[in-house]
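Q: Below you will find the structure I want to go over with you.
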Amino acid sequence: MPNALATLKFVTAAETSNRNAVSPTERRRVALIARIDEQIVLATAQLENKKPEFSRTVKSRETGQKETKPKTVRAWYWEHNGKFLLTIRYGLTVLQFAKGTNAIEAPNLKGVVAVLNTVKQAVVAGELDAAIAAATVKREKSNAK
């Protein structure tokens, strides 16, 4: 009886991974864009007097299967003196746009959606890469303690 593996051709291949194909900067942009999209959905739902439902996929410890669980999304915006203030967060860190400025003012809730779309375009263009990198460094320093 011939050996089944003897009929196969074996080669050495370099390990490729999707994770390595994308730069860390691009991964951070994609993560921030996903969070901005959640904020857009949240603000739009608030405009329409609806309550959006967010979910996340987790792996069950008991079965090992993927499950969908509800997810709480907190608004990055709030009303202050008749206008809305909006912060952009990367994880728990509020991004600073310039020294000492960490919020954007919007005239109303529709303005919040417009600001979020503008910030999303800026993230895609790479305009917030320095702020994201600073937040990442800050997080790494706090994790090292």
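Q: Scan segment 48-82 for residues that are polar (S, T, N, Q), part of a loop (DSSP other than H, G, I, E, B) and more than 17 Å from the chain's Cα centre (by Cα) and report the count.
A: Residues flagged as polar (S, T, N, Q), part of a loop (DSSP other than H, G, I, E, B) and more than 17 Å from the chain's Cα centre (by Cα) within segment 48-82 amount to 5.
Q: Take the residues in segment 18-65 that are touching a residue at least 60 places away in the same chain (Cβ under 8 Å) and polar (S, T, N, Q); name whichever of them is nearest to Ala135 (Cα to Cα). Steps first, please.
A: Filtering segment 18-65 down to residues touching a residue at least 60 places away in the same chain (Cβ under 8 Å) leaves 25, 28-29, 32-33, 36-37, 39-40, 43-44, 46-47.
When the remaining residues are screened for being polar (S, T, N, Q), the result is 25, 39, 44, 46.
Numbers: Thr25: 12, Gln39: 19, Thr44: 27, Gln46: 29 Å.
Per the criteria, the residue is Thr25.
Q: For segment 104-145, give me each residue that is modelled with pLDDT under 90, over 18 Å from the mean Cα position of the chain (by Cα) and either under 17 Å from Thr25 (Cα atoms) or part of a loop (DSSP other than H, G, I, E, B) (or both).
A: Lys145
Q: Restricting attention to segment 88-103, report how many residues are among the β-branched types (Val, Ile, Thr), outside any strand (DSSP E or B) and surrounded by fewer than 16 Cβ atoms within 10 Å (Cβ to Cβ).
A: Residues meeting the conditions: 0.
Q: While we're on this one: So, in segment 104-129, exactly how many residues are more than 16 Å from Leu32 (Cα to Cα) and surrounded by 16 or more Cβ atoms within 10 Å (Cβ to Cβ)?
A: Within segment 104-129, residues that are more than 16 Å from Leu32 (Cα to Cα) and surrounded by 16 or more Cβ atoms within 10 Å (Cβ to Cβ) number 4.
Q: Sticking with this structure for a sec: Take the residues of segment 66-94 that are in contact with a Lys or Arg (Cβ under 7 Å, 6 or more places away or on another chain) and not basic (Lys, Arg): which is nearest to Ala130 (Cα to Cα)?
A: Checked segment 66-94; the qualifying residue nearest to Ala130 (Cα to Cα) is Thr93.
Q: Residue under question is Thr44, and the condition is that it be surrounded by 13 or more Cβ atoms within 10 Å (Cβ to Cβ), under 19 Å from Ala114 (Cα atoms), of a type in the set (Val, Ile, Thr) and in contact with a Phe, Trp or Tyr (Cβ under 6 Å, 6 or more places away or on another chain); does it hold?
A: Judged against the criteria, Thr44 is not a match.
The values are calculated or read from the model by the stated rules, or taken from the named source; none is laboratory data. Keep in mind it's a predicted model, so treat the numbers as computed, not measured. Every residue, glycine among them, receives a Cβ derived from its backbone with ideal geometry; neighbour counts consider all protein chains shown.
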